[in-house]
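Novice: My questions all concern the structure below.
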């Protein structure tokens, strides 16, 4: 399946287990491709049980969005496992939209990865 984010095509691949779990859902699932800018760049797919305003419907109960973020401040003086995040205002977000998203459902957990080639 394919969707368009920021005028760029994104190929979505679902494993058989993910397709089955999505088909059994009565509520939407949002897969958020988070690109995290800090000292290093991190890619993560977050799954949310409610639709997010700018998410694009990929089919069935699946919605997808791209979300570049950065830390609010540098340092280690924050509570929790991660520093607070804020939206990252990218001048040309379409240049950073991933080319593909792969989703699996294993042992009761959603798993995802994305890439650019």
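Novice: Where a ≥ b ≥ c are the square roots of the eigenvalues of the C-alpha gyration tensor, would you call the stretch 9-67 rounded, which needs a/c under 1.5, or, failing that, prolate if a/b is larger than b/c, or oblate?
Specialist: prolate
Novice: Please work out how much length the chain gains when fully extended from residue 90 to residue 37, using 0.36 nm per residue of separation minus the C-alpha to C-alpha distance, in nm with one decimal.
Specialist: Value of the extension gain: 18.0 nm.
Novice: May I ask you to compute the full-extension gain from residue 53 to residue 117, defined as 0.36 nm times their residue separation minus their alpha-carbon distance, rounded to one decimal in nm?
Specialist: Net length gain for the segment: 20.3 nm.
Novice: Related question: Which of these, 89, 51, 68, has the largest mean-square fluctuation under a Gaussian network model of the chain (Cα springs below 10 Å)?
Specialist: 89
Novice: Where does the chain land at 222 nm, in deg cm²/dmol rounded to the nearest 500, when only DSSP H runs of n ≥ 4 count, each adding -39500 (n - 2.57), divided by all residues?
Specialist: Calculated mean residue ellipticity at 222 nm is -2000 deg cm²/dmol.
Novice: Mind checking the full-extension length gain between residue 23 and residue 44? Use 0.36 nm per residue of separation minus the Cα-Cα distance, one decimal, nm.
Specialist: 5.2 nm
Computed from the coordinates by the stated procedures, all read-outs in this text should not be read as laboratory data. As the structure is a prediction and not an experimental result, all values here were calculated from the model.
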